[in-house]
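Colleague: Got a structure for you, written out below as structure tokens; questions coming shortly.
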Amino acid sequence: MIQPRVHDPDLLQEISTDIRRSVITSLSLAGSGHLGGSLGIADIFTCLYFSVMNHDPADPSWPDRDRLILSIGHVAPVLYSTLAHAGYFPEEELNTLRKLGSRLQGHPGREHGLPGLELSAGSLGQGLSVSVGRALAGKMDARPWRVYCILGDGELQEGSVWEAAMAAAHLNLGNLTAIVDRNGVQIDGKTEKVMALEPLKEKWKAFGWEVVECDGNNHHDVLSSIQLAQHDPEKPGIILAYTKMGKGIRSIEGDYSWHGKAPSKEEARQFLCELEEGER
Amino acid sequence: MSIQYVNLGDKPTRTGFGEGLLASGFRHPEVIALGADITTSVGVNLFAEQLPGQFISLGIAEQNCVGVAAGLALEGKIPVFATYGVFAALRTTDQIRVSVCYNNLHVVIGGAHAGLSVGPDGATHQALEDLAIMRVLPNMTVLSPCDATQTKIATIQAIHHVQGPVYIRFGRAAMPDFTSKHQTFEVGKAQLLHPGNDCAIIATGHLVWEALQAAYLLKDEGIHARVINMHTIKPVDREMIIRAARETGIIVTAEEHQVTGGLGSAVAEVVACEYPVPLKFVGMPDRFGESGEPRELMEKYGLTHRGIIQAVKSILSGI
Ligand SMILES: [Mg+2]
């Protein structure tokens, strides 16, 4: 059955909290992985998988599904948690994250057979090119589905992203929507200090894209900006989604030291408490 | 009785690639060629002219080309991406490794101007490392056909009969075209071109013709050399190599590639494990090429029948 669309803001919030809870728990059990980014982008995943995309968890290769390409493979925990909550596989399997024999690899790997994965990825700068290829195929065959590509902001320092950006506009791929997790940080610190990206909006505009900015931790804002980004059928759209790394856990929000860390058991207990408090 | 192979006229292997691609494209609309600006020099121009709906120009952006090819393959298209081997295999190695090979996608990558055949352009454009790098990637098939006729057949096979990623290399210079249009060509099965039990010459690409010339000359001296065309570098034909080692006791490999990592290494890996015999490698001696006519360069670095004969004799005299 095609995933029903959720419009109720309270329900979307609840789903995001569920996803965050799974992210914290699975990372804590794994003992390594990327917590900050996974939490920051949970609201965007909620919107895509529960309100925007046409997809069927019971039929992961349904030909007319919308495709989600996760270019930043290191936030795999949020993808896995979302897929589990959408019903692609049992939630208990999240506890196997990063363990030997698991279908939940540290970075997504299709050869391990996890349903719902559209691409094995994790080497930054490659996802947008693959998305361009898929969107191009869809356009050539006049298919109704869309391609969504999730990019990191630090990732935009990779030159190949801009090769893909040029191609998407050149090929008039109106069926492609990219979302940048603009949390302003990367492993070494603030993006503007490591290698300045601004003015980002103007850059994407100059490359021929429809550009929309939004609060990436506000469901309503994310949903309306996705619509705005898709209004021109001949132009690819990009959303610069301003998010907070570690969103939902007050004590670590915005702290880039949580980019590549997993919480200890003790920290996970504390974070889960903070998550519930934030919810209330 | 052995057959003398005859040169039916010099022809660049890139022409064979272009012909094979065009023939496939006409019959199969899912075959999509990607252009990285140099379509004419890699033999894709006819395809672009005659099948414009199946040709996508992506400019001088090879890393993106490989990613786009992966995306097309995920949707059931058969993407063929060709550019100079130095860019096709080396600039894009990470994209090929992750987006193509780790996803195990049927993407056909054409490495043009392989070896020294780009001559005067010099070292930057001479692909002498591509076989080594493509060979080490899991899921990858690596083809290195020996002449234009075989390259056409190999291209069609790469497009329609190989599963997963495939790299096919071909050259720029016009070289002897000597194999039959009706030859049996099977990916992974080497061709025994000339019988002999005194030594075996295992060659690939343009060096196969040189190997045959070497065998004819050696025969005049009473040395019967077996000549094997190893057109598939991966998966390498282990059985053919082991048989050559066992029946001849001496192996010389010959390729237009660095002596490290390519055909010679692939053969040595099998021989070392299965049936150790003396080996010699004819190839580039771990150095960059330079400007010069392809023939002159091949002479300078010993990538000729003379170089092969010398290698054979040096092993024979050492025994
Ligand atoms: Mg970031």
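Colleague: If you scan the range A:139-182, which residues turn out to be within 16 Å of the ligand (Cβ to nearest atom) and open to solvent by 30 Å² or more (accessible area, probe 1.4 Å)?
Modeller: A:Gln157, A:Glu158
Colleague: Among the residues in the range A:128-142, are any under 17 Å from the mean Cα position of the chain (by Cα), at pLDDT 95 or above and part of a loop (DSSP other than H, G, I, E, B)?
Modeller: The answer is no; no qualifying residue exists.
Colleague: Next up: Taking the range B:114-168 on its own, how many of its residues are in contact (Cβ under 8 Å) with a residue 40 or more places away in the chain, polar (S, T, N, Q) and not in a helix (DSSP H, G or I)?
Modeller: Of the residues in the range B:114-168, 5 are in contact (Cβ under 8 Å) with a residue 40 or more places away in the chain, polar (S, T, N, Q) and not in a helix (DSSP H, G or I).
Colleague: May I ask you to list the residues in the range B:201-226 that are farther than 22 Å from B:Ser180 by Cβ and open to solvent by less than 10 Å² (accessible area, probe 1.4 Å)?
Modeller: B:Leu218
Colleague: Further question on the same structure: For the range A:110-121: of the residues being within 8 Å of another protein chain (Cβ to nearest Cβ) and surrounded by fewer than 22 Cβ atoms within 10 Å (Cβ to Cβ), which is farthest from the ligand (Cβ to nearest atom)?
Modeller: The selected residue is A:Glu111.
Colleague: Another one. What single numbered condition from (1) in a helix (DSSP H, G or I); (2) within 15 Å of the ligand (Cβ to nearest atom); (3) open to solvent by 10 Å² or more (accessible area, probe 1.4 Å) fails to hold for A:Leu124?
Modeller: A:Leu124 satisfies every listed condition except (1).
Colleague: For the list (1) more than 16 Å from the ligand (Cβ to nearest atom); (2) under 18 Å from A:Gly154 (Cβ atoms); (3) charged (D, E, K, R), I need the number of the one condition that A:Glu202 fails.
Modeller: Going through the list (1) more than 16 Å from the ligand (Cβ to nearest atom); (2) under 18 Å from A:Gly154 (Cβ atoms); (3) charged (D, E, K, R), A:Glu202 breaks only (2).
Colleague: Say we look at the range B:260-319 and pick out the residues that are in a helix (DSSP H, G or I) and β-branched (Val, Ile, Thr); which of these is surrounded by the fewest Cβ atoms within 10 Å (Cβ to Cβ)?
Modeller: Restricting to residues being in a helix (DSSP H, G or I) and β-branched (Val, Ile, Thr), the top hit is B:Ile315.
Colleague: Got a sec? Which of B:Gly18, B:Gly59 is over 22 Å from B:Pro145 (Cβ atoms) and either touching a His at 6+ places or on another chain (Cβ under 9 Å) or more than 14 Å from every other protein chain (Cβ to nearest Cβ) (or both)?
Modeller: After applying the criteria, what remains is B:Gly59.
Colleague: Consider A:Ala135 carefully, then state whether it is in contact with a strand residue (DSSP E or B) (Cβ under 7 Å, 6 or more places away or on another chain), more than 15 Å from the ligand (Cβ to nearest atom) and within 21 Å of A:Glu213 (Cβ to Cβ).
Modeller: Answer is no for this residue.
Colleague: Tell me, which helices (runs of 4 or more DSSP H) lie completely within the range A:1-58 with 3 or more residues that are more than 16 Å from the ligand (Cβ to nearest atom) and of a type in the set (A, V, I, L, M, F, W, C)?
Modeller: A:9-30
Colleague: Quick check: is even one residue across the range A:188-199 open to solvent by 10 Å² or more (accessible area, probe 1.4 Å), touching a residue at least 60 places away in the same chain (Cβ under 8 Å), touching a Lys or Arg at 6+ places or on another chain (Cβ under 7 Å) and within 16 Å of the ligand (Cβ to nearest atom)?
Modeller: No - not one qualifying residue is present in the range A:188-199.
Colleague: Report yes if A:Gly254 is buried (at least 19 other Cβ atoms within 10 Å of the Cβ), of a type in the set (Gly, Ala, Ser) and not in a helix (DSSP H, G or I), otherwise no.
Modeller: No; evaluated as a whole, the condition is false for this residue.
Colleague: Among the helices (runs of 4 or more DSSP H) confined wholly to the range B:1-112, which include 2 or more residues that are in the same structural domain as B:Ile159 (by TED's automatic domain parsing) and closer than 30 Å to B:Gln213 by Cβ?
Modeller: Those helices (runs of 4 or more DSSP H) span B:13-27.
Colleague: Could you say which residue among A:Ala84, A:Ala76 is open to solvent by less than 10 Å² (accessible area, probe 1.4 Å), touching a residue at least 60 places away in the same chain (Cβ under 8 Å) and under 22 Å from A:Gln3 (Cβ atoms)?
Modeller: A:Ala84
Colleague: Separate question: Considering only the range B:92-111, how many residues are open to solvent by 30 Å² or more (accessible area, probe 1.4 Å), closer than 26 Å to B:Gln126 by Cβ and within 10 Å of chain A (Cβ to nearest Cβ)?
Modeller: Here the count works out to 2.
Colleague: Which strands (runs of 3 or more DSSP E) does the range B:188-246 wholly contain that include 2 or more residues that are at pLDDT 95 or above and more than 18 Å from B:Asn7 (Cα to Cα)?
Modeller: Result: B:199-203, B:225-229, B:232-234.
Colleague: Restricting the range B:67-82 to residues that are out of contact with any Asp or Glu (no Cβ under 6 Å at 6 or more places or on another chain) and more than 7 Å from chain A (Cβ to nearest Cβ), which is most open to solvent (accessible area, probe 1.4 Å)?
Modeller: Filtering the range B:67-82 for residues that are out of contact with any Asp or Glu (no Cβ under 6 Å at 6 or more places or on another chain) and more than 7 Å from chain A (Cβ to nearest Cβ), the one most open to solvent (accessible area, probe 1.4 Å) comes out as B:Gly76.
The values are calculated or read from the model by the stated rules, or taken from the named source; none is laboratory data. Predicted, not measured: the structure shown is a model, and the values here were computed from it. All Cβ positions, even for glycine, are placed from backbone atoms using ideal geometry, and neighbour counts span all protein chains on display. SASA here: full protein model, heavy atoms, side chains in, ligands and nucleic acids out. Shrake-Rupley method; radii C 1.70, N 1.55, O 1.52, S 1.80 Å.
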